[in-house]
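Worksheet: the structure to be examined is printed underneath.
What follows draws every value from the coordinates through simple rules; no lab data is involved. No experiment lies behind these values; they were computed from the predicted model shown. Backbone-built Cβ (ideal geometry, glycine too); neighbour counts: all protein chains shown.
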Amino acid sequence: MDTTVQDDEAQLSKMERDIEERQRPSSPVIYEVIRQDGDEELARPLNSLWWSGIAAGLGISMSVVAEGLLHRALPDREWRPLVENLGYTLGFLIVVLGRLQLFTSNTLTAVLP
């Protein structure tokens, strides 16, 4: 086994111990986690990434739809803009919780590898 590979594995096992001990992760640990996530995402089939991107576009568009629906449903009061703008978060929640590939929201995962 290559010495560099052994060093990387030793460093990773130390990083894993740090995480298990619930210490604040160091910058190299965070970097490595994001890099590995990026490698996994970029290794996905192109068809899968394409449909995930389409779903993310549809999901993020729900921000505008939810905001419009709240605007129409709420009475014309001084607090209406405050409440209807909460609808803007819906699309982002859909994208983030659905782990959809909207690389405009997090380019680090795609670029780091």
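Taking the average, over residues, of other Cβ atoms within 10 Å as the packing measure, peptides 44-56, 72-84 rank 44-56, 72-84 from highest down. A simple count of charges around Ser52, restricted to other residues whose Cβ falls under 11 Å of its Cβ and scoring Lys, Arg +1 and Asp, Glu -1, yields +1.
A simple count of charges around Leu74, restricted to other residues whose Cβ falls under 13 Å of its Cβ and scoring Lys, Arg +1 and Asp, Glu -1, yields -1. Over all Cα atoms in segment 30-77, the spread is summed up by Rg and Dmax: 17.7, 51 Å.
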